[in-house]
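Where a number appears in this text, it was derived from the coordinates with a stated rule and is not lab data. On a predicted model such as this, the values are computed, not experimentally measured, just so you know. Cβ sites come from the backbone with ideal geometry, for glycine too, and all protein chains shown count toward neighbours.
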Amino acid sequence: MPRLTIGELARKAGVGVETVRYYQRRGLFPEPPRQPRSTREYSPEALDLLRFIRRARGLGFTIKEIEHLLVLRRARKDVGDLVGVLTGKAADLERSVRETQAVISALNEMAAKCDVLSGQDRWSIFDTEE
């Protein structure tokens with residue numbers, strides 16, 4: 001695969017150029033040296049790395065968590081470390097889903113109370129935490 005410009009790299013990875021630059025500023029993604037013709041060219045490995053970062057973001061990993069994943073990836077750490085990170089993230093997401101479900105239930109209960117209350121009394125649903 002030929003080397004890519006930042007625009008080509010971003011397009012093939014499914015992200016914007018500014019996203020690539022953001023990852024570079026954060027240290028997740030290296031910036032290659034400028035070539036004599038004054039453009040930077042990215043390798044196929046850079047595309048693989050960018051896709052890895054994009055996939056991790058899609059799975060809900062934060063930038064800080066991706067930094068940790070990249071350290072593990074570069075060090076080729078034992079699979080146990082990776083499994084620990086993945087199961088920890090899954091537990092975090094499950095907790096978040098439970099919290100979101102509780103908020104949805106509370107909102108639905110508040111909406112149901114609005115049907116039986118009248119006028120200004122409807123706003124009292126915000127006065128108590130249940």
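Note on region 1-76: Rg/Rh from Cα positions, Kirkwood definition for Rh, rounded to two decimals, is 0.97. For percent of Cα pairs over 19 Å apart, the candidate list reads (1) 47; (2) 64; (3) 50; the entry that matches the value derived from this model is (2). Per residue, the average separation of C-alpha pairs within less than 8 Å and at least 6 apart gives the chain a relative contact order of 17 percent.
Highest mean packing first, where packing is the average number of other Cβ atoms within 10 Å per residue, the peptides 107-115, 65-73 line up as 65-73, 107-115.
Inter-label distance, Glu109 to Val83: 4.0 nm, where each label sits 7 Å from its Cα along the C-beta direction. The simple spin-label model puts a point 7 Å past each Cα toward its Cβ; for Arg74 and Asp92 those points are separated by 2.0 nm. Within the chain, the selection of entire DSSP H helices by a Cα span of 15 Å or greater along the long axis and an average Kyte-Doolittle value of at least 0.0 returns 63-75, 79-116. Only Cα pairs under 8 Å and 6+ residues apart enter the sum, and on that basis the relative contact order of region 1-76 stands at 32 percent. Taking amide H atoms as placed 1.01 Å from N in the peptide plane, the amide H of Tyr42 lies under 5 Å from those of Leu4, Thr5, each 5 or more residues away in sequence or on another chain.
Multiplying the residue separation of Glu31 and Arg3 by 0.36 nm and subtracting their alpha-carbon distance yields 8.7 nm.
When the Cα positions of Ile6, Cys114, Gly88 are compared along the charge dipole of the chain, Ile6 comes out farthest toward the positive end, with charges on each C-beta of Lys, Arg, Asp and Glu.
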